[in-house]
Amino acid sequence: MIFRSPYPDVAIPEVSLTRFVLERAAELGKQPALIEGPTGRVISYANLAEAIKRAAAGLAQPVSRRAKYSESTARTCLSMQSPSMPSLRWAE
């Protein structure tokens with residue numbers, strides 16, 4: 001069954017989701033981009049943009065160099081992808 005909103009349709013731009021979200025990241029800077037409900041952890045637009053750039057740079061590396069991929073980048077990206085998984089913890 002299809003449910004329709006009582007509000008008008010939203011125009012979806014012809015750009016990638018990353019480009020759309022980060023288009024104004026520098027302008028929005030320290031404003032919250034993501035807020036994890038259970039813990040209240042906040043990731044600003046500036047931090048989100050930086051984490052995405054670092055993750056993309058790491059993934060663009062040749063496979064032999066990906067092993068040196070920053071652990072902090074991996075932690076940031078994983079926590080952004082799975083904020084609702086409190087059982088997921090890094091070994092210290």
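The selection criterion, being of a type outside the set (A, V, I, L, M, F, W, C) and either exposed (fewer than 12 other Cβ atoms within 10 Å of the Cβ) or at pLDDT 60 or above (or both), holds for Ser16. Taken over the range 6-38, residues that are under 12 Å from Ile52 (Cβ atoms) and part of a loop (DSSP other than H, G, I, E, B) amount to 1.
The values are calculated or read from the model by the stated rules, or taken from the named source; none is laboratory data. Please read these numbers as outputs of a predicted model, since none were measured by experiment. Ideal geometry is used to build each Cβ from the backbone, glycine not excepted, and the neighbour counts take in all protein chains shown.
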